[in-house]
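Notes for the one structure printed next.
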Amino acid sequence: MIVALAIVQLALFALTALLGTIRNITQQLLQNSVAMRIQLMVMEKAASLDLQFYEDPASYDFFAALRPIQSNRPVMMISTAFGLVQTLLTFLTMIALLVAVSRCWR
Amino acid sequence: MITLQIRICQGVRTRLSWADMGMMGGGGPSMMHWWAGRRKKPDTGQANSGLTGDPALEQPPVPEGPKDLRGRWENLKQSVSGTTAALPRVLRLVWDASPATTLGLFVTTAIAGVIPAAAAYTAKLLINAVVQGIAIHNFHQPDHETFAQVCACSPIGPFQSIQFSASA
């Protein structure tokens, strides 16, 4: 019984580490996909504009400033939002567990 | 006249004329001089960008935030409301980029949120089992497992029970 529970505990810790790795890989993949999509959107918009537009310094500066833009911000925002969901889930499950354990001790 | 524009610090351009350096006109070093260009304001003077302009762009000045507490609180409220309003659009952008990867990120995050409670419950069961084992060992309490249960659980249990019956 004790050995089985210890193995389950070990499996849970291993699963935590594995999920962290999978999450990092998924986040990197998503960053690449979003960066490519943003670049594609910028290129499509740039191709649809007239050449006269680029002689305007303000618009040219605007497009030039779009080139080195940090394209990982959307994924960071989504990752932070998912982290909030994770914290909320942890909070709710821990509250439920504490309530269940306190009922067992009565 | 070939003119080199050397950026020596942020926002200040120094123009170095090759003719002034004497490389084209044959003048001596006394004719070489530097003259520093004025700091250009973005909305005044001749445009220095565009297709025919300098490809290197000056970074826009970073606006300084408010110093007082009320201004900082207003800034924080504005940033929080702006982030909240922009979140659905950002989510749509990320979802359109890769739905499967977005779903995978959410699922891994959700599973990682449930694991601490599962680990705590397993730890509770483990501690209870260890305490029960210590109590059985110290106070010589009876073990709940009977001989029949041990024989049923063990793969060689039936043979052991037959051997036990034969020896008895």
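Before moving on, here are some points about what is shown:
- Which listed residue is open to solvent by 70 Å² or more (accessible area, probe 1.4 Å) and of a type in the set (A, V, I, L, M, F, W, C), from A:Ala14, A:Ala47: A:Ala47
- Restricting A:Gln31, A:Gln86, A:Gln27 to residues that are closer than 20 Å to B:Thr102 by Cα and more than 7 Å from every other protein chain (Cβ to nearest Cβ) narrows the list to A:Gln31.
- Matching option when the condition is at negative phi, open to solvent by 70 Å² or more (accessible area, probe 1.4 Å) and within 9 Å of chain B (Cβ to nearest Cβ), among A:Met77, A:Met36: A:Met36
- The set of residues from region A:61-74 being at the interface with another protein chain (Cβ under 9 Å from one of its Cβ atoms) and either among the hydrophobic types (A, V, I, L, M, F, W, C) or over 32 Å from the mean Cα position of the chain (by Cα) (or both) comprises A:Ala64, A:Ala65.
- If you check A:Ile2, A:Ile22 for being in contact with a Ser or Thr (Cβ under 7 Å, 6 or more places away or on another chain), at the interface with chain B (Cβ under 9 Å from one of its Cβ atoms) and open to solvent by 30 Å² or more (accessible area, probe 1.4 Å), only one passes: A:Ile22.
- Checking each residue in region B:96-131 for being open to solvent by 60 Å² or more (accessible area, probe 1.4 Å), closer than 16 Å to A:Phe82 by Cβ and facing another protein chain (nearest Cβ under 7 Å) picks out B:Phe106, B:Ile111, B:Val114.
The values are calculated or read from the model by the stated rules, or taken from the named source; none is laboratory data. If you're wondering where the values come from, they're calculated on a predicted model, not measured in any experiment. Here Cβ is always computed from backbone atoms with ideal geometry, including for glycine, and neighbour counts include all displayed protein chains. The area values use the complete protein model at the heavy-atom level, side chains included, leaving out ligands, DNA and RNA. Shrake-Rupley method; radii C 1.70, N 1.55, O 1.52, S 1.80 Å.
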